[in-house]
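Working notes, structure below.
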Amino acid sequence: MHPTVEKVTERIVRRSRATREDYLSRMRELGRNSPQRSSLSCGNLAHGFAACSPGDKDTLTFMNKANVAIVTAYNDMLSAHQPYGGYPDAIRRAAQGMGSVAQVAGGTPAMCDGVTQGQPGMELSLFSRDTIAMSTAVALSHNMFDATLLLGICDKIVPGLLIGALSFGYLPTVLVPAGPMPSGLPNKEKQRIRQLYAEGKIGRDALLEAESQSYHSPGTCTFYGTANSNQLLVEVMGLHMPGAAFVNPDTPLRSALTQAATEQVIRLSKPNGGELGLADMVNEKSIVNALVALLVTGGSTNHTIHWIAIARAAGVIIDWSDYAELSSAVPSLTRIYPNGQEDVNAFHQAGGTPFLIRELLAGGYLHNDVQTIVGFGLDHYARMPALERDALVWRPAAEQSARPEVLRSLAEPFAPDGGLKVLNGNLGRGVIKVSAVAPEHHTIKAPAVVFDDQNDLKAAFDAGELNQDCIVVVRFQGPGANGMPELHKLTPYLGVLQDRGYRVGLVTDGRMSGASGKVPAAIHVYPEALEGGPLARIRNGDVIVLDARQGELSVLLSDRELAARTPEQPDLTSYHTGYGRELFGWFRRSVSHPERGASFFWNHDS
């Protein structure tokens with residue numbers, strides 16, 4: 001193993017010893033009683049299979065056949081999840097072919113950040129993750145099941161499904177993806193048109209046409225945002241079928257992989273002699289593998305929040321220092337939009353996740369000694385699925401990348417590090433992703449221009465007030481203030497300013513998902529402004545230093561002067577009602593800070 005990966009892993013193991021053992025002890029106790037439906041009364045069981053076919057009822061009467069829980073995030077508004085509509089029937093057929101049963105145990109919400117971006121609904125997005133986790137727990141609470149299939153792809157959905165399923169970690173669990181849509185309008189052209197619209201040079205019709213050419217069919221959006229980062233990380237953790245992440249929807253290969261996932265989770269179930277559950281597969285080493293995969297691919301910064309929460313659900317405690325230390329040691333092996341111009345389809349065609357895993361295993365960057373859904377050893381995942389005469393087979397990963405401008409070997413990395421940095425200073429603690437930021441922009445010192453509402457930035461831009469070197473501060477965007485929405489709406493304006501030759505940066509207690517792209521952005525900063533954090537004391541014109549090289553985020557004021565200022569506290573009540581936001585007040589009051597996973601399951605004192 002690479003010494004830094006080994007060092008970080010050992011530190012996480014030590015830090016997590018008590019919480020991990022407590023979690024495993026609970027899972028062992030629950031697992032002793034499975035199959036769980038054996039403990040149900042006749043009335044309980046009759047309710048549980050009342051709507052089943054006579055054959056399925058006969059199967060469920062006995063305890064020697066598996067019943068698979070399907071937890072689905074299907075809806076037909078979200079393009080990534082629309083293909084899931086037919087999955088339950090396909091899964092039921094596959095289960096019956098194995099002499100078992102599959103039931104839809106429950107559904108979870110699945111909202112689309114692309115639809116809610118810049119809208120009030122976006123303020124529910126982060127909280128939807130923990131809502132999904134609770135929905136998953138409710139679905140599995142009937143104790144009817146011996147295994148679980150999780151149907152979900154997008155931003156908060158996969159983390160929520162995993163957090164919920166880990167409460168039932170004695171059950172074997174497989175995540176079942178649906179794949180990305182075919183490539184549409186090239187990303188460079190999409191970016192160009194968005195900036196033209198921001199400058200007022202084209203109208204809404206031209207912008208809508210470009211967006212419609214980009215997001216044009218069922219399947220996941222093809223840029224490497226949080227949804228596709230989810231898929232890559234889950235696969236590197238061994239929770240998908242090998243190579244399943246980026247196979248397009250509604251293809252024979254995708255159907256074969258879904259059938260194989262169903263058959264495999266049944267083989268892992270206790271009625272079929274299985275002894276391992278999700279708790280055995282999500283451990284310190286598999287979590288580190290996920291972090292390494294995130295960093296070498298320049299994945300979504302949202303996972304500096306979500307994977308902390310997933311790890312805590314398994315009794316594993318990680319923090320941003322773990323990310324930063326790993327990032328300093330692992331190479332950058334991909335260039336996928338927004339860190340490059342090509343999308344995840346090009347990445348898959350270049351060799352995809354199997355090629356990446358093989359390279360990282362060879363370099364000692366990934367732990368091979370982990371349990372996966374297809375057996376012990378992550379090297380099972382250095383294989384690409386294919387159909388041969390309608391039979392699903394796996395072939396060794398490509399020896400060479402077919403697209404070296406998208407995916408490279410360890411011998412020729414794009415950069416020597418992962419491009420994620422932790423920032424500290426008298427403005428608080430945050431993160432920055434610089435994999436898409438030119439080196440000359442890694443450090444900026446400029447006066448602050450302060451906003452308490454992201455929507456005010458456009459008016460300032462249109463008025464020419466931002467035509468200067470500046471660090472834009474967008475505050476009161478943290479989880480306690482308004483649910484920590486992503487601030488993608490800012491990206492085109494900041495990009496235009498930088499293209500005009502101004503030195504521009506962003507500092508916020510909100511999220512950007514790394515989609516700030518070429519503009520340096522200090523994000524997830526805490527203590528958040530709502531709590532009286534330093535951002536609430538910043539005034540227009542204060543000089544801020546954002547230094548990704550040295551990991552500094554500071555305002556050039558003395559500690560005494562900064563402390564003497566009264567924190568500003570705008571009226572945020574308009575963000576707390578309407579569009580269902582009034583129902584989430586207790587989430588805002590209870591949520592932990594980002595480095596604790598921005599979750600109300602694990603508060604500040606836990």
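The values are calculated or read from the model by the stated rules, or taken from the named source; none is laboratory data. No experiment lies behind these values; they were computed from the predicted model shown. Here the Cβ is made from the backbone with ideal geometry for all residues, glycine too, and neighbour counts use every protein chain on show.
Quickly run through region 427-466 and pick out the residues that are among the charged types (D, E, K, R), surrounded by fewer than 20 Cβ atoms within 10 Å (Cβ to Cβ) and over 19 Å from V555 (Cβ atoms).
Within region 427-466, E440, D453, D456, K458, D462, E465 qualify.
Does region 15-58 hold any residues that are at pLDDT below 90, under 30 Å from G315 (Cα atoms) and of a type in the set (A, V, I, L, M, F, W, C), and which are they?
L40, the sole residue that qualifies.
Considering only helices (runs of 4 or more DSSP H) fully contained in region 91-175, which possess at least 2 residues that are under 17 Å from R37 (Cβ atoms) and in the same structural domain as N302 (by TED's automatic domain parsing)?
On the way: elements: 113-116, 125-140, 157-166.
It comes to 125-140.
Looking at S286, S300, which one is touching a residue at least 12 places away in the same chain (Cβ under 8 Å) and part of a helix (DSSP H, G or I)? Spell out the reasoning first.
Values: S300 fails: part of a helix (DSSP H, G or I).
Criteria check complete, one pass: S286.
Taking L494 as the residue in question, decide whether it is modelled with pLDDT under 95, surrounded by 18 or more Cβ atoms within 10 Å (Cβ to Cβ), outside the structural domain of G298 (by TED's automatic domain parsing) and within 30 Å of C112 (Cβ to Cβ).
Answer is yes for this residue.
Of (1) over 30 Å from P485 (Cα atoms); (2) without any contact (Cβ under 8 Å) to a residue 60 or more places away in the chain, A66 satisfies all except one. Which?
(2)
All but one of (1) closer than 22 Å to D456 by Cβ; (2) assigned to a loop (DSSP other than H, G, I, E, B) hold for Q550; state the number of the condition that does not hold.
Q550 satisfies every listed condition except (1).
Within region 192-203, is even one residue closer than 30 Å to W307 by Cβ, under 23 Å from the mean Cα position of the chain (by Cα) and not aromatic (F, W, Y)? If you could, list the steps in order and put the result at the bottom.
At the first step, the residues of region 192-203 found to be closer than 30 Å to W307 by Cβ are 194.
Narrowing further to those that are under 23 Å from the mean Cα position of the chain (by Cα): none.
No, there is no match, as no residue in region 192-203 is closer than 30 Å to W307 by Cβ, under 23 Å from the mean Cα position of the chain (by Cα) and not aromatic (F, W, Y).
Taking the condition of being of a type outside the set (A, V, I, L, M) and part of a loop (DSSP other than H, G, I, E, B), how many residues in region 553-595 meet it? Step through it out loud before you land on a result.
So the first thing to find is which residues in region 553-595 are of a type outside the set (A, V, I, L, M), and the list is 554, 558-561, 565-571, 573-582, 584-590, 592-595.
Still in the running and part of a loop (DSSP other than H, G, I, E, B): 558, 565-571, 576-580, 592-593.
Residues meeting the conditions: 15.
Every residue, every condition in (1) within 23 Å of the chain's Cα centre (by Cα); (2) outside any helix (DSSP H, G or I); (3) under 29 Å from K7 (Cβ atoms); (4) among the acidic types (D, E), yes or no:
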| position | (1), (2), (3), (4) |
| --- | --- |
| H348 | yes, no, no, no |
| T353 | yes, no, yes, no |
| L356 | yes, no, yes, no |
| L360 | yes, no, yes, no |
| L366 | yes, yes, yes, no |
| D369 | no, yes, yes, yes |
| P385 | no, yes, no, no |
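Looking at this structure, is R403 surrounded by fewer than 18 Cβ atoms within 10 Å (Cβ to Cβ) and not assigned by TED's automatic domain parsing to the domain that holds G351?
On the way: surrounded by fewer than 18 Cβ atoms within 10 Å (Cβ to Cβ): yes; not assigned by TED's automatic domain parsing to the domain that holds G351: yes.
Taking the combined requirement at face value, the residue satisfies it.
Can you tell me how many residues within region 39-60 are in a helix (DSSP H, G or I), over 39 Å from the mean Cα position of the chain (by Cα) and not hydrophobic (A, V, I, L, M, F, W, C)?
Filtering region 39-60 down to residues in a helix (DSSP H, G or I) leaves 39, 42-49, 54-60.
Then keep just the ones that are over 39 Å from the mean Cα position of the chain (by Cα); that gives 42-43, 54-55, 58.
From the residues that got through so far, the ones that are not hydrophobic (A, V, I, L, M, F, W, C) too are 43, 54-55, 58.
Number satisfying all stated conditions: 4.
Condition first: assigned to a helix (DSSP H, G or I) and surrounded by 22 or more Cβ atoms within 10 Å (Cβ to Cβ). Can you find one or more residues in region 61-80 that meet it? Steps first, answer last, please.
Taking region 61-80 first, the residues assigned to a helix (DSSP H, G or I) are 61.
Among the residues that remain, those that are also surrounded by 22 or more Cβ atoms within 10 Å (Cβ to Cβ) are: none.
Scanning region 61-80 turns up no residue that is assigned to a helix (DSSP H, G or I) and surrounded by 22 or more Cβ atoms within 10 Å (Cβ to Cβ).
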